[in-house]
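Once you've had a glance at the structure underneath, I'll fire off some questions.
Nothing in this text is a laboratory measurement; each read-out follows from the coordinates by a stated rule. Everything numeric in this text was worked out from a predicted model, so none of it was measured. Methodologically, a virtual Cβ is constructed for each residue, glycine included, from the backbone with ideal geometry; neighbour enumeration extends over all protein chains shown.
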Amino acid sequence: MSTRTFLALGTAMGLAAGPAMADTVNVFNWSDYITDEVLELFTERTGISVNYDVYDSNDTLEARLLAGSSGFDVVVPTGTFLERQLAAGVYQPLNKDLIPNLAGMDPELTAAVATHDPGNEHSVIYMWGTTGIGYNIDMVAERLGEDFEVDTWDMIFDPEIAGQLADCGISWLDSPTDMFPAAFAWMGIDPQSTDPDDFDAAAEMMMEVRETVRYFHSSQYITDLANGETCVAVGWSGDVLQAAERAEEAGQGVNVWYAIPREGAMQWFDVMGIPADAPNPEAAHAFINFILEPEITAMITNYVWFPNANAASWPMVEEDIFTDPAIFPTEEVTDTLFTGITYDSRTDRTVTRLWTRVRTGQ
């Protein structure tokens, strides 16, 4: 479950009209989730060119897929969305004989995704991560004190603490499937609850701190954290860490980092799948297998700062990334993580209604 800033690819001209040519693969992925070099290497090694398009929400991807005839060969939904899209017959089974690099995947992480895709028949993990708190180290310390421990949802949900941070800018993800479970974790409710009363209680709690939120957005926070425009953001791990890297490279004295709240945080998986009506499934399998080459997976992680599930790649991941618990959580932190679930239609309606209320403040 993840949003990234938009990636400008010189070789990616968007999806062309009409059927794909045999030497073209059409990829629809989260923005800023790969490097130009990886796509260029794929074309160099296979002779297959890449039409690469991007989105910044699962809803955007889902709308395109459910409308049919999307024209995409490879897409990258989050696991909970994949699960309900499978029920709609959106994906074709993978031909695993064409993806020998699956042998390098971590079995425990692969098993976690099997809760969404039984037997992992339709998908393979691209990257994974957590939903937590991005923060400006100096701005937060100035308002809450040097000794304040930032690894808590108090920064977002406690009216007294959030009130002290509101002036420097708090943002929330525009993603109820991230925000409600986070609220549940802070309130001591099962993050996987589907009880309407729990959603009502969480919405009431969020309304109490609604005035401290500067905006709801699922990508703007990356730039704003990096530029010092905001001081706290609910965000996805790799996005916040990319903001930290950009802030450091800018050299303007903005210090950003990421915290996994101790009350519990969501662990999500973005997976690669092939739509049932993909124009070029053969090229799609070639692309997926290429991404799973250990050196390629490591190259992507080293760029996006999201952890991967390709154990064969881990020795090639830069040491400061692989050993950073904000990126690859320790076993102790992992024990506090929870996975999202796919809501039924009744719960979806409840979530949509209540989230509209929270977003609008009405």
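If you count the DSSP beta bridges with both ends in the chain, what percent of them are antiparallel, to the nearest 5?
Details: 21 of 38 bridges.
Around 55 percent of the beta bridges assigned by DSSP in the chain are antiparallel ones.
Relative to the longest principal Cα axis of the chain, at what angle does helix 196-209 sit, 0 to 90 degrees, rounded to 10?
It is inclined by approximately 60 degrees.
Residues of region 171-213 with amide nitrogen under 19 Å from the 7 Å Cα-to-Cβ point of residue 352?
Answer for this model: 174-181, 194-197, 199-200, 203.
Also, quick follow-up: Using only the alpha carbons of the chain, what is the convex hull's orientation-averaged projected area in square nanometres?
One quarter of the hull surface, i.e. the mean projection, equals 17.4 nm².
What percent of all Cα-Cα pairs in region 121-264 falls in each 10 Å bin, counting up from 0?
12, 42, 33, 11, 2, 0
Principal axes first, then extents: for the Cα atoms of region 32-116, list largest minus smallest coordinate on each axis, whole Å, largest first.
Cα spread of region 32-116 along its principal axes, largest to smallest: 36, 31, 24 Å.
On to the next question. Tell me, in nm to one decimal, what length is gained between residue 344 and residue 59 on full extension, where the rule is 0.36 nm per residue of separation less the Cα-Cα distance? Write out the running numbers ahead of the final one.
On the way: separation 285, 0.36 × 285 = 102.60 nm, distance 1.56 nm.
Length gained between residue 344 and residue 59: 101.0 nm.
Using only Cα atoms, tell me the angle between helix 294-304 and the longest principal axis of the chain; keep it within 0 to 90° and round to the nearest 10.
The answer is roughly 30 degrees.
Separate question: Suppose every Lys and Arg Cβ carries +1 and every Asp and Glu Cβ carries -1, with no other charges. What dipole size does region 29-107 come out with about its Cα centre, to the nearest 20 debye?
On the way: 4 positive and 13 negative charges, 79 e Å.
The calculation lands at about 380 debye.
If the viscosity is 0.890 mPa s and the temperature 25 °C, what translational diffusion coefficient in µm²/s does Stokes-Einstein give for region 232-362 when Rh comes from Kirkwood over Cα pairs?
It diffuses with D of about 138 µm²/s by this estimate.
Right, something else. Need the C-alpha centroid separation for region 289-312 versus region 230-288, integer Å.
Region 289-312 and region 230-288 have Cα centres spaced 13 Å from each other.
Let me know the shape class of region 157-206, please: from the alpha-carbon gyration tensor, a ≥ b ≥ c as square roots of the eigenvalues, rounded when a/c is under 1.5, otherwise prolate if a/b is greater than b/c, or oblate.
prolate
Taking Cα atoms, how many degrees apart are the long axis of helix 36-46 and the longest axis of the chain, rounded to 10 and kept between 0 and 90?
For helix 36-46, the angle is close to 20 degrees.
How big, in percent, is the set of alpha carbon pairs in region 99-196 lying more than 15 Å apart?
Counting pairs separated by more than 15 Å, the tail of P(r) holds 71 percent.
Given all pairs of different Cα atoms, what value in angstroms does the Kirkwood hydrodynamic radius of region 112-155 take?
Across region 112-155, the inverse of the average 1/r is 13.7 Å.
By per-residue mean of other Cβ atoms within 10 Å, what is the highest-first order of 349-360, 324-335?
349-360, 324-335
Among rounded, prolate and oblate, which fits region 262-322 when a ≥ b ≥ c are the square roots of the eigenvalues of its C-alpha gyration tensor, a/c under 1.5 means rounded, and a/b larger than b/c means prolate?
oblate
Oh, and also: Calculate the tail of P(r) for region 254-294: the fraction of all Cα-Cα distances greater than 13 Å, expressed in %.
The proportion of pairs with Cα distances above 13 Å equals 71 percent.
For region 198-273, just the Cα set please: Rg and Dmax, both in angstrom.
Gyration radius and largest Cα-Cα distance of region 198-273: 14.7, 44 Å.
Could you tell me, in Å, what Rg and Dmax come out for the Cα atoms of region 287-362?
18.3, 51
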